[in-house]
1. Look at the range 218-235 and say how many of its residues are modelled with pLDDT of 95 or more and more than 23 Å from the chain's Cα centre (by Cα).
2. Considering the range 171-185 alone, what residues qualify as being in contact (Cβ under 8 Å) with a residue 60 or more places away in the chain and touching a Lys or Arg at 6+ places or on another chain (Cβ under 8 Å)?
3. Those residues that are among the charged types (D, E, K, R) and in contact (Cβ under 8 Å) with a residue 60 or more places away in the chain, I need them from the range 134-164; list them, please.
4. I'd like to check something: does the range 10-32 contain any residue that is modelled with pLDDT of 95 or more, part of a loop (DSSP other than H, G, I, E, B) and over 23 Å from Y318 (Cα atoms)?
5. Looking at the range 185-209 only, could you name the residues that are acidic (D, E) and not in a loop (DSSP other than H, G, I, E, B)?
6. Looking at G177, G158, which one is surrounded by 19 or more Cβ atoms within 10 Å (Cβ to Cβ) and not in a loop (DSSP other than H, G, I, E, B)?
7. Would you check if there is a residue in the range 193-207 being of a type in the set (V, I, T) and under 22 Å from the mean Cα position of the chain (by Cα)?
8. Restricting to the range 268-318, name every residue that is assigned to a strand (DSSP E or B), among the polar types (S, T, N, Q) and surrounded by 13 or more Cβ atoms within 10 Å (Cβ to Cβ).
Amino acid sequence: MITLKSYKKTVIGVGLVIICSTLLAQTPRDPISTIDPPDFNRTGQTGFQFLHLPTSARSAALGGIMNGTRDNTVTSLFNNPANLVDVKNIDAAFTNITYVADIKYMTGAVAKNLGALGTVGVYFANLRTPDMVRTENVVDADLGITVRSADLGTFSAGDVMYGVSFARRITDVLSVGGNLSRIEEDLAELKVSNTNIDFGLYYETGFNSLRLSMVARNFGPDTEFTGFDALYGLPQSVRMPINFRVGIGYDLIENLAVYAEGVHPNDGPERFHLAGEYKVMNLLSLRGGYKMGYDEQSLTFGGGLNFNMSGISGRVDYAFLDYGRLTNVQVISIGFAVN
């Protein structure tokens with residue numbers, strides 16, 4: 001007879017096997033040679049880079065942490081969709097990201113808890129760059145070198161994502177979730193689109209307050225820019241920026257939680273995030289984090305304020321991200337919930 005306890009162990013065991021197998025599959029090894037291969041990563045070899053950007057102020061202030069958090073809102077679907085089960089009834093949120101180089105980025109989401117059926121959500125993200133000057137490389141016949149042409153007008157670029165999310169509690173300690181979205185990108189007259197899939201898992205271990213979760217993000221087939229072949233004489237393929245994240249969360253004392261997360265992307269080196277969050281009477285939250293393995297990103301900090309009015313609870317969250325020589329990034333999220 002299969003008991004609930006054995007069932008949970010089986011699910012967890014299978015999940016861990018899948019995670020380990022997938023991570024090991026990312027690093028092929030020569031079974032004969034005893035010489036270690038040189039370090040290599042695919043930095044700059046994937047498209048849709050906006051999928052790496054922060055999508056909510058809470059996660060951004062926590063060093064980009066996407067795993068191990070509790071008391072999640074609808075914005076969790078951008079991070080680990082399994083945490084969407086924390087939505088009690090109806091929850092909506094909008095986030096504005098002031099990014100480097102005057103790039104504007106906005107996200108929005110709304111979710112509804114359907115009880116035993118699970119929790120469903122819809123979401124969008126939109127990024128636009130300012131106008132940029134268009135130039136071409138031309139040959140200077142007198143000097144015999146290639147030089148920049150005169151200004152040929154302007155162009156811009158942008159990304160759009162819209163999709164649906166679903167999460168469900170399998171047991172009182174285990175939840176799973178997934179996202180299905182459509183993403184579109186334009187660069188001047190060139191366009192590319194694709195289908196994007198995320199899936200996540202969240203597990204309360206039962207060891208004090210320790211929780212473990214993982215998420216696999218940005219799965220999709222390779223695609224191509226439409227119009228690139230006609231302009232430049234060859235196709236341009238675009239690979240999805242897939243990444244795997246595994247993280248833990250733990251309450252050191254009441255109202256003080258710490259988090260740790262490892263990231264394995266397919267377009268860069270492994271990265272590590274550390275963060276802490278302190279809550280004051282469930283009204284104010286103070287957050288801070290540190291990101292390792294990045295060229296410019298490092299310290300993050302921020303906070304959140306909760307309030308209630310006429311049966312509707314609201315929240316405002318803020319994050320400040322240090323981007324080194326690229327100055328800084330600021331993130332503001334506003335959310336409302338009907339409980």
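The values are calculated or read from the model by the stated rules, or taken from the named source; none is laboratory data. Remember, predicted model here, so these are calculated numbers, not experimental data. Cβ atoms come from the backbone with ideal geometry, glycine included; neighbour counts cover every protein chain shown.
1. Count: 0.
2. T171, V173, L174, S175, V176, G177, E185
3. Across the range 134-164, the qualifying residue is only D159.
4. no
5. Quick first cut of the range 185-209, residues acidic (D, E) only: 185-186, 189, 198, 204.
If the condition is that a residue be acidic (D, E) and not in a loop (DSSP other than H, G, I, E, B), then E185, D186, D198, E204 are the ones that fit.
6. G177
7. For the range 193-207, residues of a type in the set (V, I, T) and under 22 Å from the mean Cα position of the chain (by Cα): present.
8. Applying the first criterion (assigned to a strand (DSSP E or B)) to the range 268-318 yields 271-280, 284-292, 299-309, 312-318.
When the remaining residues are screened for being among the polar types (S, T, N, Q), the result is 285, 300, 306, 308, 313.
S285, T300, N306, S313 - these are the residues of the range 268-318 that are assigned to a strand (DSSP E or B), among the polar types (S, T, N, Q) and surrounded by 13 or more Cβ atoms within 10 Å (Cβ to Cβ).
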